[in-house]
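Asks: I have a structure I would like to understand better, so I am pasting it below and will then ask my questions one at a time.
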Amino acid sequence: MNQQLKERNSDLCELCNAENAIHEYTVSPKSDDSIENQVALCNTCLDSLDKKEAAFHWRCLEGSIWNPQASVQALSYRILQNFKSEDWASNLISSVDLDENVIQWAMTALEVAAVHTDAFGNKLESGDTVVLTEQLNVKGTSFTASKGTVVKKIKLVHDNTDQIEGKINDQTIVILTKFVKKSL
């Protein structure tokens, strides 16, 4: 393992900070061997990467998501997306304000060929601004989003092309694409 990478986190895994790091993990789609694109991992974290039943182990991401290294942030965010239906992961995702480039890096491995489109067939992309075409009752809140409400910097829901995420009244909500029009 690259000595600089080992020393970056005092020879500990950059995700769990509990075990010695012994693996160099390049965060896709980056493919070069630059340590800026790598994360130092222990055996436990490496073995848990693709396991849905490892949710409890990934509670350690509550610390690593704040790591100053973009590669660690991207991998942490990507893993959290697999558990976003659980309150702890959803709360953590909504509490961090990562650079958009880090989020895009994290999400590239989760992207599907399907395309998100608004109510008029316009292609939507993360970071777009949309306008609500109907008044929407926002579940779980005490407010209604009015027709014409502008939602900036949307995020695409990677596993559902009928949904986007956006902030209204400082709350991140899921919005159906059939109720939005892309601002051009």
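Asks: Filtering the range 57-92 down to residues that are hydrophobic (A, V, I, L, M, F, W, C) and part of a loop (DSSP other than H, G, I, E, B), which residue is farthest from Glu165 (Cα to Cα)?
Replies: Trp66
Asks: Please work out if Ala109 is assigned to a helix (DSSP H, G or I), aliphatic (A, V, I, L, M) and surrounded by fewer than 16 Cβ atoms within 10 Å (Cβ to Cβ).
Replies: yes
Asks: Any residue in the range 51-72 that is without any contact (Cβ under 8 Å) to a residue 60 or more places away in the chain sitting within a Cβ distance under 8 Å of a residue that is among the charged types (D, E, K, R) and assigned to a loop (DSSP other than H, G, I, E, B)? List the pairs, counting only those 6 or more apart or interchain.
Replies: As it stands, the answer is Ala55/Glu86; Ser64/Glu14; Asn67/Glu14; Ala70/Asp99; Ser71/Lys30; Val72/Glu14, since those pairs meet every condition given.
Asks: Hey, can you tell me all the residues within the range 154-177 that are within 16 Å of Ser85 (Cβ to Cβ) and free of Cβ contacts under 8 Å to residues at least 12 places away in the same chain?
Replies: Correct list: Asn160, Glu165.
Asks: So which residues in the range 160-184 are among the hydroxyl-bearing types (Ser, Thr, Tyr) and either buried (at least 19 other Cβ atoms within 10 Å of the Cβ) or closer than 16 Å to Ile93 by Cβ (or both), if there are any at all?
Replies: Scanning the range 160-184 gives Thr172, Thr177.
Asks: Would the range 93-106 turn up any residue that is in the same structural domain as Trp66 (by TED's automatic domain parsing), outside any strand (DSSP E or B), in contact (Cβ under 8 Å) with a residue 24 or more places away in the chain and of a type in the set (D, E, K, R)?
Replies: Checking the range 93-106: at least one residue is in the same structural domain as Trp66 (by TED's automatic domain parsing), outside any strand (DSSP E or B), in contact (Cβ under 8 Å) with a residue 24 or more places away in the chain and of a type in the set (D, E, K, R).
Asks: List, please: which pairs have Cβ atoms under 7 Å, are six or more places apart or on different chains, and start with a residue in the range 1-19 that is more than 12 Å from Val39 (Cα to Cα) and end with one that is part of a loop (DSSP other than H, G, I, E, B) and modelled with pLDDT of 90 or more?
Replies: Correct list of pairs: Glu19/Cys13; Glu19/Cys42.
Asks: Of all residues in the range 128-172, which are under 24 Å from Asn101 (Cβ atoms) and part of a strand (DSSP E or B)?
Replies: Val130, Val150, Val151, Lys155, Leu156, Gln163, Ile164, Glu165, Gly166, Lys167, Thr172 - these are the residues of the range 128-172 that are under 24 Å from Asn101 (Cβ atoms) and part of a strand (DSSP E or B).
Asks: When the range 14-52 is examined, which residues are found to be part of a strand (DSSP E or B), more than 18 Å from the chain's Cα centre (by Cα) and among the hydroxyl-bearing types (Ser, Thr, Tyr)?
Replies: Once the filter is applied, which keeps residues that are part of a strand (DSSP E or B), more than 18 Å from the chain's Cα centre (by Cα) and among the hydroxyl-bearing types (Ser, Thr, Tyr), the range 14-52 yields only Tyr25.
Asks: Can we say Thr172 is polar (S, T, N, Q), within 26 Å of Arg59 (Cα to Cα) and not assigned by TED's automatic domain parsing to the domain that holds Leu49?
Replies: yes
Asks: Taking Lys84 as meeting all but one of (1) charged (D, E, K, R); (2) at pLDDT below 90; (3) not assigned by TED's automatic domain parsing to the domain that holds Ser31, write down the number of the exception.
Replies: (3)
The values are calculated or read from the model by the stated rules, or taken from the named source; none is laboratory data. Predicted model, so just to flag it, every value in this text is computed and none were measured. Every residue, glycine as well, gets a Cβ built from its backbone with ideal geometry; the counts of neighbours run over all protein chains shown.
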